[in-house]
Amino acid sequence: MAEKNKSQAAHAHDDQHTQEHFREKHLMLDPLPRGQMNDMVMEAMTSKPTWKYWLTVIILGSIVLYGLGYSWYRLIVEGLGIAGVNRPSYWGIFLVNTVFWIGISHAGTFISAILRVFKAEFRRPFTRIAELMTTFGLVQAGFSIFMHMGRAWLSYWLMPYPNERLLWPNFHSPLSWDLLAITTYLLSSTMYLFLPLIPDLAMARDKSTGWRKTFYRILAIGFRGTEGEWTHLRHAMNIFAYAIIPVMFSVHTIVSWDFAAATRPGWNSTIYGPYFIIGALHSGMGAAAVVLAVVRGTMKNMTYFIRGEHFDAIGKLMLIISMGWAYFYFNDYIVQWYGGDKWTKALLHFHEAGPLGWMWLSMLIVNIAIPWAVLWNSKWRSNPWIISIVGILINVGMWFERYLIVPVSLSINRMPFTWRLYIPAVEVYLSLGTLALFILFYVIASKLIPFIPVWEVQEGQLAHKLSKFGRETVVTVSELE
Amino acid sequence: MSKNFSRRDFLKLAGVGATTTAILTGCGPASRYVKREPYMQMPEYTYNGQSTYYATTCRECAAGCGLVVRTMQGRAIKTEGNANHPLNLGKTCARGQATLHGLYNPNRVRGPIKHTRGERLYAFDEDPFNGDFPDVAANLSWDDATQVIADALTKYKPNEIAFLMGAAPDHLFDFVTDFTSATGLNAPIRFGALSMFEARATLSKAAENLFGETGLPFFDIGGAEIVLSFGANFLETWLSPLPYTRGFTGLREGKTKQRGYFVQFESRMSQTGGKADEWIPIRPGTEALVALALGRLAFERRGGALPRAFADVNPKEAAEKAGVEFETLERLAVLFADKAGALAIPGGAALGQSNGLEVAEAVLALNAIPDNFGKRGGVYLSALAPTETEYHRPASPKEMEEFTAKLASGEIKALFVHGVNPLFELPKALNFKAALDKVEQVISFATFPDETAVEADYIFPDHHGLESWGYQRVFTGSAQAILSGAQPVVSPFYDTRATVDLLLAAAQLVGGKFAGAVPFKDEVEFIQSKTAPLKNEANGFFSAVDLPTFNASFQQYGGWWKTESAFGAPNTEDVLNRDFDGAEPEFNGEGEFYLVPFVSPTLAEAGANKPWLQELADPTTTVMWSTWVEINPETAEELHIDNEDVVKIISEFGAVEAAVYKYPAIRPDTIAMPFGQGHTAYGRYAEGRGANPADLFSAEYNQAGDILFGGLKVKIEKTGKKLAIPRLESMMGVYGEGLGEE
Amino acid sequence: MATVTDLNISEVKLSEEYVGKWGMFINQDVCTGCQACVAACSMENNIAFVGPEDAGYGRTMNWIRIERFWDGEYPEIKMTSRQPMMCQQCGHAPCEPVCPAFATVHSQAQQLNLQVYNRCVGTRYCANNCPYQVRSFNWRDYKRPEPLPNQFNPDVTVRQRGVMEKCTFCIQRIHQAEDKARSEGREVADGEFTTACAQVCPADAITFGRVDNPESLVSQLTKQYEGLKHLPELGTLSNVSYFKGG
């Protein structure tokens, strides 16, 4: 399959200019010598950390220690009373964060697997960064679930492990499905992260000394780059890329069933599965854009690998996903509203006009209005600043969306005598802790893992070339795999 | 351990271990308490894993309900109503349930204490739910305590010694009565805040005026078909709430008749009013007028000559003054006139007005229309308890004022206080604190470190009700004459002593006429001397061949009662042959709001130290753990006051602060406050919580001697502060607050 | 009519055909809202008190609550019939399938929803899914300072923080009565025992007994008053019937 990418300013008389333009714009048409490119990636990873780096580590580390360490300790020792959960909002920000982080983790797989399967060439430099997002995000989601539990120290009871009392988890419970789905997703996405990493680890092994050499030697599991190894690797990656897509869809569908399978007004909606998936992609894409922009802005040599064209491509995806999200949201909303159930109506009214009505309104603005207004323009899309601000806003909006679904919807039930607002307490620190840990993982990983799948970039560059058809200069891609 | 450790050594070591254990368990300070006993040495009546049940009497209020307490290995586990007991037939109220939180309250007086007035009796800080707040340790022995009392008895002249006791007509009251009458001491005075808020003096005075004999009326709600209640809160704390609640069930679902109709006239919807089919918010002060108007209209409906009582009233004018539709009065009068079982009940704040006596009389007189006196569904005179010859009511607030004046004048030099907490229960206006300061020696027998104990020189704690012997006369609520028996269901948890025993010991120590006045070995002997005559009385529900059997049965059944009804039929000749002027009462104060103080149905006067009572949702507002002031939402809006705004309520005699509860069922010109909180001592769960509306009362009385708690007009001022009042209900779900505008 | 042994919960018929075992009838017309049931339940079942802050924040632990609403505007205002709400012991309980740890299960013998405290890990899914909102969660280890624990009922577990709890229909009393009846070789008689709330209720608003026995008082009253279930449209097959009254 070949993708054609036409330039709108191609003229026969300034070939030279056109070619410059293409090179500047497209990474795939701007090849550098392999060794130099490898060195650039290695330099980005192994350069001596600056004081800014350490400061970031210290700040994030302290937030993690306070938020995830101390606050979680208090939560376990003193009980959930120090959080804001109550009757009827038995689930609070913990579950908001779980859904949120699982959502974030979706973009990694989406970018990496779906774009790989569909051979979207722009994906090449940032699949790794996205895949890391999956793993790191899932870790936060897992933490959030365990924080949420009243007796977290007994959480292993949810695992189907052999025991003398022959007790199994209850497989009727959506939470059991959830646990299985998340575990499967975490394992498969970690493996899927690891496979394309092997050639880069081998490259890093060959180019480093000291502890790094040992570190990469172990991780590279003896990859030499022989034809046989490449064939096997491609084969495995292909299988995983196809296999992980249904896993990804299933995970968030199953997460949505935690809500959809319940008898609560507002939750009991059949469209929640696809609605949650599109929501996950919405926040995930936004997060991917933000991470890319930060990586490009803070790490060495990244302006070469990550260019406007990538933000442009992600921006298009964001726009389409935003439209999809809007479609599903209103689909869900209108059917629930039309159903006319008195409790559901009360809930929808509460969403819009209740004390958190501002949240509902801003969710719609940042999830729909802002992307639609901004992302039409390719110039704005290509700007890392603009796209990452939109990405952050979308993430805030999606977090709001989950907040409206979990504690706000829980405030309203079929027993009006118990309706009550949820006021978060220690959850705030724990949430900040997960956020800081997520960033900290990236900060640390940036010094340990080659962020750019350099072999994929090189492969892409080999496959791309500029050709002339008549007066038209076009990009052609040859099939390599 | 060396491998040469022989079997012999092992036995030696084991022997030492066993001896040590035996000494520790045997000689512990609380070895009397059964729980510390090793399993193998349990008393014969205690089986491991099996409960033992003891019948006794509830001491949470003066009504005298029978309890059966489940105990296990020396601990009281659960109170249930005594199903045999004719007063409560196996039921209890919430306070009866929570009596165990009194027994095992973390703040009890643990032994005899010599104490400087005003000093704390337990440690305390703002958060009673964390930390340990130990009580002040006992610093006297009981021998010292006996000596102190003996000294007081000898040091002061008989007329310088006074006893102030709780409202319950119990064995201690009898003992002290006997003791004082034989020795020339001042006769004991009984008082309780509940009897003050019931205006019991007014009620019994009205009955006396109408029927010509003393006694407390009983209203047979269960047999009635229509009940008009003028503020009587008979489902809450009024007189004897359990029989009245049972009566209410009878009213609603009588097996042989239609569902009874219930109308409540009051300016603030009480828990009782909330159950009414019609709730009519008449203007405070017009209760007598409305009753008379209803009487006239009902009489006109029935035909015949209008009696003197209803002749002067103009129903239309009355309706206008009361703020009721005249048609409503007409309709109710028709109902009242036509139904066979019609009943009118006076009560509540209306009796605590300057015309309270007339209100009570006018409402009682309404019962002459169906002529239900002494009939099913009508008005009876309460049965006198066994061993009682005439109705003896607790002191009215007016009598308490006289008593206070005696204290203040220095006439009384030694005061013994038992079963009542006058510093909390008496309105501040009576200035009991200042009077107490004039008393040379104040001895409190308080079980709990209450406000009065804090101001006492000595605290010689009596047992908790569940740890003590006794009996109590049931003063109303049952057709049968009941003497409710009490026995300890657990061994005393602390180093407390029965007050009767202590007084006996002191009398022995003094000797002379004191020892001769009460020639008993101990409390139990005294009680049995009082109950012994019942053995020979006819119609007892159990019979005994000899006294020990009688005493055992008395203990086992939880008292003694007759099998036949002892209700008195009032003499009703002159009921309607009197004049009522129907004049409106004087209200004290310049404020724009009528104040309706009501007793918290869950806490009552002494429940505030029991944490589960504090956490029970108030039946009307669902508020927990605090005091609130009820204001009509429209009034609140006019004054720009919102829920949980703290307002200052000012009468001419005092001011209190409380957070606002916008209460939809109160007259716009009325505000209401619960009584029960506002303690400055009384244990960690009570202290520093809420406010006491009795601080607003004036020391003025109606003709029967009841304080004018219902006759106040108050001002409210905003303070700008906010105070969360915990409520069980959802403000969103119940009031639509915070749900957003439509 | 289904008997205890042949009633398999997975085969329970929907709606009218379902017959539970133990059930309640609540006559709201006579309920005065006096809270005696709440106090009795708390004493019987070792329920913790939580203090004003938590109580005001919807964290009360009581297994039974009395709801009241308002009807109309002043002066034509009425309190609605007081509505005691406790676990309805549904035949098809929404709380049961959602617990991942099997901590809330259906008892075959008693036809009750059991809460297995020591199996509970505190996901609180059951409470979310309970349409009656009658489950209480131990948000903290609520303190009951010495000597208050002397009052604890030894037949009932004291719950740790992080554990869900709810009305059990005083299952300890059911067991005791059944054991006694079995040892005497007979069936449990109607009215032989009752729950703490029904026992204390001064207005006799709560009646407890066998709903599968048409002769029992609870069945008779349910029939006489045409008792209604809460939220029947959810198909929970509740075992508590209500008569709202006037």
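The values are calculated or read from the model by the stated rules, or taken from the named source; none is laboratory data. Note that this is a predicted model, so its numbers are computed, not measured. Neighbour counts run over all protein chains shown; Cβ positions are idealised from the backbone, glycine included.
Descriptive notes on the structure:
- The stretch A:287-366 holds helices (runs of 4 or more DSSP H) entirely within its bounds, and those carrying 2 or more residues that are more than 14 Å from chain B (Cβ to nearest Cβ) map to A:302-305, A:308-339, A:357-364.
- Of the residues making up the stretch B:717-737, those that are of a type in the set (G, A, S) and within 13 Å of chain C (Cβ to nearest Cβ) are B:A724, B:S730, B:G733, B:G736.
- Unmet requirement for A:N170, which otherwise passes all of (1) within 19 Å of A:V247 (Cα to Cα); (2) within 14 Å of chain C (Cβ to nearest Cβ); (3) touching a Phe, Trp or Tyr at 6+ places or on another chain (Cβ under 8 Å): (1)
- Among the residues making up the stretch C:39-57, a single one is assigned to a loop (DSSP other than H, G, I, E, B), of a type in the set (G, A, S) and within 8 Å of chain B (Cβ to nearest Cβ): C:G51.
- Evaluating A:P246 against the criteria (1) under 19 Å from the mean Cα position of the chain (by Cα); (2) in contact (Cβ under 8 Å) with a residue 60 or more places away in the chain; (3) surrounded by fewer than 19 Cβ atoms within 10 Å (Cβ to Cβ) leaves one unmet condition, (2).
- Meets criteria (within 30 Å of B:V490 (Cα to Cα) and more than 14 Å from chain A (Cβ to nearest Cβ)) for C:A189: no
- Search result, residues across the stretch B:714-736 that are surrounded by fewer than 20 Cβ atoms within 10 Å (Cβ to Cβ) and in a strand (DSSP E or B): B:K715, B:E717, B:K718, B:T719, B:G720, B:K721, B:K722
- Against the list (1) in contact with a Lys or Arg (Cβ under 9 Å, 6 or more places away or on another chain); (2) facing chain A (nearest Cβ under 7 Å); (3) on the phi < 0 side of the Ramachandran plot, the condition C:Y125 fails is (1).
- Filter pass, A:S144 being within 14 Å of chain C (Cβ to nearest Cβ) and under 17 Å from the mean Cα position of the chain (by Cα): yes
- Among the residues of the stretch C:96-119, those that are of a type in the set (A, V, I, L, M, F, W, C) and more than 7 Å from chain A (Cβ to nearest Cβ) comprise C:A103, C:V105, C:A109, C:L112, C:L114, C:V116.
- Only one of the listed residues (A:F451, A:F438) is in contact (Cβ under 8 Å) with a residue 40 or more places away in the chain, within 30 Å of A:L65 (Cα to Cα) and assigned to a helix (DSSP H, G or I). That residue is A:F438.
- Residue in the stretch C:74-87 that is farthest from B:T621 (Cα to Cα), counting only those that are out of contact with any Cys (no Cβ under 9 Å at 6 or more places or on another chain) and either buried (at least 24 other Cβ atoms within 10 Å of the Cβ) or among the aliphatic types (A, V, I, L, M) (or both): C:M85
- Filter pass, B:D522 being under 30 Å from B:A405 (Cβ atoms) and of a type in the set (D, E, K, R): no
- Checking B:A385, B:A429 one by one, the residue that is crowded, with 22+ Cβ neighbours inside 10 Å and either at pLDDT below 95 or basic (K, R) (or both) is B:A385 and no other.
- Taking the stretch B:435-533 and the helices (runs of 4 or more DSSP H) fully enclosed by it, the elements with 2 or more residues that are over 20 Å from B:R59 (Cα atoms) and either out of contact with any strand residue (DSSP E or B) (no Cβ under 8 Å at 6 or more places or on another chain) or in the same structural domain as B:G607 (by TED's automatic domain parsing) (or both) are at B:499-510, B:512-517, B:523-531.
- Some residue of the stretch A:416-427 being away from chain B (no Cβ under 14 Å), assigned to a helix (DSSP H, G or I) and either modelled with pLDDT under 95 or surrounded by 24 or more Cβ atoms within 10 Å (Cβ to Cβ) (or both): yes
- Count of residues meeting criterion [within 7 Å of chain B (Cβ to nearest Cβ), surrounded by 19 or more Cβ atoms within 10 Å (Cβ to Cβ) and free of Cβ contacts under 8 Å to residues at least 12 places away in the same chain] in the stretch C:58-73: 0
- Meets criteria (farther than 22 Å from C:V50 by Cβ and outside any loop (DSSP other than H, G, I, E, B)) for B:A583: no
- Qualifying residues in the stretch B:302-317 (those that are out of contact with any helix residue (DSSP H, G or I) (no Cβ under 7 Å at 6 or more places or on another chain) and assigned to a helix (DSSP H, G or I)) - the one farthest from B:T328 (Cα to Cα): B:R308
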